[in-house]
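Have a look at the structure below before the remarks.
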Amino acid sequence: MKLNLLAGLTLLMIGSFVSGLEAQTVNHSNCGWVKDCAIAVNKNEVTKSVIPSAKIEKVESSIQLPEAKISTVAALTEASQGNATNLKRSPISQILPPTDSNGNRIFRSTRSGPSYLGVGANFGVTGGNLGGTSFAVISKLGLTDVISVRPSVLILSNFVTILVPVTYDFGPQQPFGDFQLSPYIGGGVAINTGSNSSVGPMITAGVDIPLSSSFTINVAANLAFLNNTNLGILVGIGYNF
């Protein structure tokens with residue numbers, strides 16, 4: 001009986017000691033050692049840091065560059081480069097045609113054809129100035145689409161006659177198949193520089209006949225009222241410009 005009681009007390013003491021050790025072991029495993037606590041804290045911090053990092057990634061992914069503006073800037077850049085290329089290719093060394101205050105060309109093509117400068121001959125019909133045979137310098141300078149000035153200089157042996165008519169130019173006509181001509185009519189001033197110099201009005205009518213893209217044939221009848229009535233037929237060829 002005494003042995004049984006002693007054995008029971010011994011077992012009870014051993015059980016209490018073991019339970020205390022288990023409790024102490026649990027407490028030490030939780031935060032009893034600094035190393036264990038550090039590991040636990042690090043794990044908690046890592047676990048907590050996942051959420052803000054995910055938010056940061058989400059924010060970063062939501063930030064996008066303004067693609068439309070970048071495209072616009074790129075387009076502007078390409079346009080400026082294209083202009084630079086055009087400037088390099090532009091014929092800067094060429095002589096530009098004269099222009100008025102608004103930047104419009106003064107001498108240009110009319111509906112009858114391009115402007116030109118050339119030479120020809122005057123065959124007189126009547127009178128002392130235009131009535132004789134002479135060498136001629138002819139020209140056409142387009143002012144608008146329908147108006148031209150056509151100065152001519154007739155050179156005789158001892159005097160010069162200058163014709164300055166302003167003409168109304170008609171559109172090209174094709175009276176005979178592919179043959180094309182452009183008639184015009186106008187009036188102006190005739191100047192005789194000879195010994196019997198005089199100035200008087202004149203009337204002109206003629207046609208421009210395109211010979212090629214570079215040359216134009218001109219045939220005109222000029223009637224001038226100087227010291228007497230003068231009539232001449234002028235035939236010439238001009239270089240287009």
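The values are calculated or read from the model by the stated rules, or taken from the named source; none is laboratory data. Every value quoted in this text rests on a predicted model; they were computed, and no experiment measured them. With ideal geometry, Cβ positions are generated from the backbone for all residues, glycine too; neighbour counts draw on all protein chains shown.
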Quiz item: Would you pick out the residues in region 123-136 that are crowded, with 17+ Cβ neighbours inside 10 Å and part of a strand (DSSP E or B)?
Solution: 124, 134, 136
Exercise. Please enumerate the residues belonging to region 222-240 that are surrounded by 15 or more Cβ atoms within 10 Å (Cβ to Cβ) and within 48 Å of the chain's Cα centre (by Cα).
Key: 222, 223, 233, 234, 235, 236, 237, 238, 240
Exercise. Please enumerate the residues belonging to region 127-176 that are acidic (Asp, Glu) and touching a Phe, Trp or Tyr at 6+ places or on another chain (Cβ under 9 Å).
Key: 169
Self-check item: Single match in 195, 213 (criterion: assigned to a loop (DSSP other than H, G, I, E, B), more than 17 Å from residue 121 (Cα to Cα), in contact (Cβ under 8 Å) with a residue 24 or more places away in the chain and over 46 Å from the mean Cα position of the chain (by Cα))
Solution: 195
Exercise. Any chance you could count how many residues in region 159-197 are of a type in the set (Gly, Ala, Ser) and more than 14 Å from residue 223 (Cβ to Cβ)?
Key: 6
Self-check item: Subset tally (residues that are β-branched (Val, Ile, Thr) and surrounded by fewer than 18 Cβ atoms within 10 Å (Cβ to Cβ)) for region 106-122
Solution: 2
Quiz item: Take the residues of region 159-178 that are farther than 20 Å from residue 119 by Cβ and touching a residue at least 24 places away in the same chain (Cβ under 8 Å): which is surrounded by the most Cβ atoms within 10 Å (Cβ to Cβ)?
Solution: 169
Quiz item: How many residues are outside any strand (DSSP E or B), modelled with pLDDT of 95 or more and under 29 Å from residue 227 (Cα atoms) if we restrict to region 137-177?
Solution: 2
